[in-house]
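Just below is one structure, and these are the notes that go with it.
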Amino acid sequence: MTDRPDTTSGPQDLAPHDFWQKLHGPGSFPGHAEFTSFYVAQLADGRQLRLPLRPLADGEHALASLIVNQASFAVLDALAEQLADKLRAIDIDIVVGLPTLGLTLASEVAKKLGHLRYVPLGTSRKFWYRDELSVPLSSITTPTQQKRLYIDPRMLPLLADKRVALIDDVISSGTSIVSALALLSSCAVEPVAIGAAMLQSDRWKEKLLEAGSQWPERIHGVFETPMLRKTTTGTWARPAG
């Protein structure tokens, strides 16, 4: 028996802890344009993943959400495998992960690529860290928190003259990625690829373009989700066109 399409509220609604736990086969949910309680994302192989909807402050728009460290191991494994597939042809030497949720995905992608380790960036300053190897960091999910992004100076030899992939879980506004690119640039490192499980709307494109014309074309995502708008009937719809 297949899952019912998301056209009305009711028995098909998921509890918060039930999201991200299962991938559904191709065609389990129709490719309709309106959603109520969840958004249906589609992977390259046709499998589908239900994502909760997060209404924005204006009450008129919503985004699909992904919290990758709450996903089942099976879902995380599938997302990491599909992202690794996109990166294999680029011949990556080392993966760099963005905190916090990007670290979960980055380590799995590195394993899929056959690497023995990866380089995690962090927001916690160890006593041997250097201030000049840090940049301010903010994100769409924690806009009021003032943090800094650090790289452990002991990791720099792993990045020198290497083909680097920078990995985050979600690219949304692009702010976190741009901060990470600035940090890596201060270490004379320019990633050849930027990867994420979800590309959330297209707001990140302008931010990345401002950082450098080369960056938008180096972005690789497992799937994309649009900015949704509220309809007169209270559902959420993809933008027209």
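The values are calculated or read from the model by the stated rules, or taken from the named source; none is laboratory data. What you see is a predicted model; the values in this text were computed from it and never measured. Every residue, glycine among them, receives a Cβ derived from its backbone with ideal geometry; neighbour counts consider all protein chains shown.
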Inset, instruction - State which residue is surrounded by the most Cβ atoms within 10 Å (Cβ to Cβ) when the search covers only segment 185-209 and only residues that are touching a residue at least 12 places away in the same chain (Cβ under 8 Å) and farther than 24 Å from residue 109 by Cα. - result: 207
Inset, instruction - Tell me, yes or no, whether segment 43-50 has at least one residue that is over 30 Å from residue 30 (Cβ atoms) and surrounded by 18 or more Cβ atoms within 10 Å (Cβ to Cβ). - result: no
Inset, instruction - Give the residues of segment 113-137 that are under 17 Å from the mean Cα position of the chain (by Cα) and either basic (Lys, Arg) or part of a loop (DSSP other than H, G, I, E, B) (or both), sorted by residue number. - result: 121
Inset, instruction - Would you mind listing the strands (runs of 3 or more DSSP E) fully within segment 138-235 where at least 1 residues are closer than 25 Å to residue 43 by Cα? - result: 164-171, 193-200, 219-225, 228-230
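Residues are listed down the side, and each one gets a yes or a no for (1) of a type in the set (Asp, Glu); (2) out of contact with any Leu (no Cβ under 9 Å at 6 or more places or on another chain); (3) modelled with pLDDT under 95; (4) surrounded by fewer than 16 Cβ atoms within 10 Å (Cβ to Cβ):
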site	(1), (2), (3), (4)
113	no, no, no, no
116	no, yes, no, yes
128	no, yes, yes, yes
149	no, no, no, no
152	yes, no, no, no
167	no, no, no, no
171	no, no, no, no
Legend entry - Subset of segment 217-229 [buried (at least 17 other Cβ atoms within 10 Å of the Cβ), within 17 Å of residue 191 (Cα to Cα) and not β-branched (Val, Ile, Thr)]: 218, 220, 221
